[in-house]
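Just so it is clear, none of the values below were taken in a lab; they were calculated from the coordinates. Please read all numbers here as calculations on a predicted model, not as lab measurements. Neighbour counts are summed over all protein chains in view; Cβ atoms, including those assigned to glycine, are modelled from backbone coordinates with ideal geometry.
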Amino acid sequence: MNYTFQFGVLTEYGPYLAGGLWHAWWTSFPSIIITTILGVVLAAMSMSRRWLLRGASVVFVDLFRTLPVVVLLIWIHYVMPILTGVSFSPTVSSIIALSLNGAALACEAFRGGLEAIPATQTQAAQSLGFSRWKVMRYITLPQAFFATLPSLTNVHITVIKNVTVTVLIAVPEVMFRAQELTVQFFRPLEFYTGAAVLYVALIWGYALLMRMLERLQKWQPI
Amino acid sequence: MATDLMTGAPAASAQAFIRIRDVHKSYGAVSVLNGISLDVAQGEVLVLCGPSGCGKSTLLRCINGLETINRGDICVGGRNVETANPDTLQRIRLSTGFVFQNFNLFPHMTALENITIAPMKILGTPPRIATEQGRKLLEQVGMAEKANVYPFQLSGGQRQRVAIARALAMNPTLMLFDEPTSALDPEMREEVLQVIRKVHQEHNMTMVVVTHEIGFAKSVASRAMLLDAGQIVEEAPARAFFENPAEERTRRFLRAIIND
């Protein structure tokens, strides 16, 4: 190996590279929120008595968990405007693509959590007069939420990692800036290593936050 | 008298709070209830006994609409459980408290929250009033000092007492107990039975109790009934049922649970 590292370029351009984290976060954070909400709704739908709701949930999950994120992203950003005349900024297109993909994964995580709640909990609530919807709202979902947290964290991490593919439609996040700087200074190893460190820090920090959320659970299943 | 009720004489049903006629229920090929007919009058305490798998728990769950039946009629307070729309079924359930063998407390709520959630979210009782009522109920079942404790921190007997308070919070006119003490250690059983006795005395509530606690049944129940293979084998006033059963099957069953 006869490459000489010159991490000196990072002292000058590191802040610019790290500034990409801001865009990475503001692409992934809304996606995480939408992913979670949509995931809960899809999971609730998949357990509905109405076949239409169940069917819609299955179609959604199967479609968006099989579509590669890159294909989905390119399609939303470049193909959909031609078909519909509606176009979005790169960030918005990215949020839509990451959310659709993430929601399909989150739905499966929540469904696993909901199915793990014993049927006796539903019966106890029904015997008190809870409707099916209120059973979900007050009894099964709150319990499933904590049971799902560890796998939900994995889904969120996948969503954050997927932000790197938005480089393809020029969202100015860390990968995009690393590429930009590399072209300019011919220092790929320094800039891409810098990008790696920044992403690891972001995701590691997020996972830590989620672990703190897990500790908020004061009760234990019985 | 008892036989009149069993044959379904219409005269007896005039004041019956629960009216069950020729109920059949099967899970696939396995039939659990084979033509049950019985009446429970307002304020009456009926004890159901029988070997495991005889259908007593299933019958109880059918009364509350937690299971659907294949044939027959179940009316509670004049409302047919089987043909009830969701609203009517909810009204039946609101007037019925159900106590489960395994307590089924909500693990993510404290003892007090377990009791206040239904009045607040279903009846729309303001939190302050629901909490006040909840504390009173906890006091009634001797659990006042455990109000803010989660179910996993309670013993079996304590969980069951909270579960009884939770059912009482909806002011039911009928209480269904599904083997309320059989998941408990012997010394915890008495604390739960004591609470059920007290509830009966203070509220003079209609009760159907699935239990094998003979002492308790004799002191509280007005009538007792033996179910076997989904049919009523014997039905009699509680004292007579336990002290002087008519059927050989009942004698055999009582001997078995006494030796147990």
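Looking at the protein assembly as shown, send over the antiparallel percent of its DSSP beta bridges, to the nearest 5.
Within the protein assembly as shown, antiparallel bridges account for around 55 percent of the total.
Compute the long axis of helix B:127-140 from its Cα atoms, compare it with the longest principal axis of the Cα atoms of chain B, and write down the angle in degrees, 0 to 90, nearest 10.
Approximately 60 degrees, to the nearest 10.
Summing +1 for each Lys or Arg and -1 for each Asp or Glu, what net charge is found among the other residues whose Cβ lies under 13 Å from the Cβ of A:Gln184?
Net of charged neighbours comes to -1.
Please give every one of the aspartates and glutamates within straight-line cross-link reach of B:Lys56, meaning a C-alpha to C-alpha distance under 14 Å, and leave out same-chain neighbours fewer than 8 residues apart.
Leaving aside aspartates and glutamates fewer than 8 places away in the same chain, those within reach of B:Lys56 are B:Glu67, B:Asp178, B:Glu179, B:Asp228, B:Glu234, B:Glu235.
Hey, what did chain A get for relative contact order, percent, Cα under 8 Å, at least 6 apart?
Relative contact order, chain A: 31 percent.
Starting at the first residue of the range A:136-148, write each ³J(HN,Hα) from the Karplus equation 6.51 cos²θ - 1.76 cosθ + 1.60 with θ = phi - 60°, in whole Hz, x for Gly and Pro.
4, 5, 9, 10, 7, 4, x, 6, 5, 4, 5, 5, 8
Count, for each residue of B:95-107, the Cβ atoms from other chains sitting within 10 Å of its Cβ, then give me the mean as a whole number.
4
Any number yet on Rg/Rh for the protein assembly as shown, C-alpha, Kirkwood?
That ratio is 1.16, to two decimals.
For the protein assembly as shown, what is the mean residue ellipticity at 222 nm derived from helices alone (per DSSP H run of n ≥ 4: -39500 (n - 2.57); sum divided by total residues; nearest 500 deg cm²/dmol)?
The helix-only estimate for the protein assembly as shown comes to -17500 deg cm²/dmol at 222 nm.
With a 10 Å Cβ neighbour count serving as the proxy for reagent exposure, in which order, fewest first, do A:Tyr199, B:Tyr27 appear?
If I rank by nearby Cβ atoms, fewest first, I get B:Tyr27, A:Tyr199.
Averaged over A:110-122, how many beta carbons belonging to a partner chain fall within 10 Å of each residue's beta carbon?
Across A:110-122, the average partner-chain Cβ count within 10 Å equals 1.
When only Cα pairs under 8 Å and 6 or more residues apart are kept, what is the percent relative contact order across the range B:112-225?
Here the relative contact order equals 24 percent.
Can you work out the Karplus-derived ³J(HN,Hα) for every residue in the range A:20-29? Use 6.51 cos²θ - 1.76 cosθ + 1.60 with θ = phi - 60°, whole Hz, and x for glycine or proline.
Listing the rounded values in order: x, 4, 4, 5, 4, 5, 7, 8, 7, 4 Hz.
Ranking request for peptides B:135-145, B:238-248, B:159-169, A:3-13: highest mean number of other beta-carbon atoms within 10 Å first, then the rest in descending order.
Final packing ranking: B:159-169, B:135-145, B:238-248, A:3-13.
Can you check what the net charge comes to around A:Ala147, using other residues whose Cβ is under 12 Å from the Cβ of A:Ala147 (Lys, Arg +1; Asp, Glu -1)?
-1
Give me the lysines in straight-line cross-link reach of B:Lys136: C-alpha distance below 20 Å, same-chain residues under 8 apart excluded.
B:Lys121, B:Lys146, B:Lys198
Determine, for each peptide in A:151-159, B:187-195, the mean count of other beta carbons within 10 angstrom over its residues, then list the peptides with the highest first.
Listed from highest to lowest mean packing, they are A:151-159, B:187-195.
Starting from one equal scatterer on each C-alpha and no solvent at all, send me the Debye-based log10 I(q)/I(0) for the range B:93-250 at q = 0.17 Å⁻¹, two decimals.
Log10 of I(q)/I(0), two decimals: -0.97.
Provide the three semi-axes, in whole Å and in decreasing order, of the ellipsoid equivalent to the range A:1-121 as defined by the square roots of 5 times the Cα gyration tensor eigenvalues.
Its equivalent ellipsoid spans semi-axes of 37, 21, 13 Å.
If packing is taken as the mean number of other Cβ atoms within 10 Å per residue, what is the order of B:214-226, A:69-81, A:97-109, highest first?
Packing proxy ranking, top to bottom: A:97-109, B:214-226, A:69-81.
Counting partner chain Cβ atoms within 10 Å of every residue's Cβ in A:216-222, what's the average?
Partner-chain Cβ atoms within 10 Å, mean over residues of A:216-222: 5.
Report, to the nearest 10°, how far helix A:90-115 tilts away from the longest principal axis of the Cα atoms in chain A, using its own Cα long axis and a range of 0 to 90°.
40 degrees
For chain A, what's the radius of gyration and Dmax over Cα atoms, in angstrom?
In order Rg, Dmax, the Cα atoms of chain A give 21.1, 75 Å.
Output the relative contact order of chain B, whole-number percent, from Cα pairs under 8 angstrom with separation of 6+ residues.
24 percent
Nearest 10 degrees is fine. How inclined is helix B:248-259 to the longest principal axis of chain B, computing both from alpha carbons?
Once rounded, the angle reads 40 degrees.
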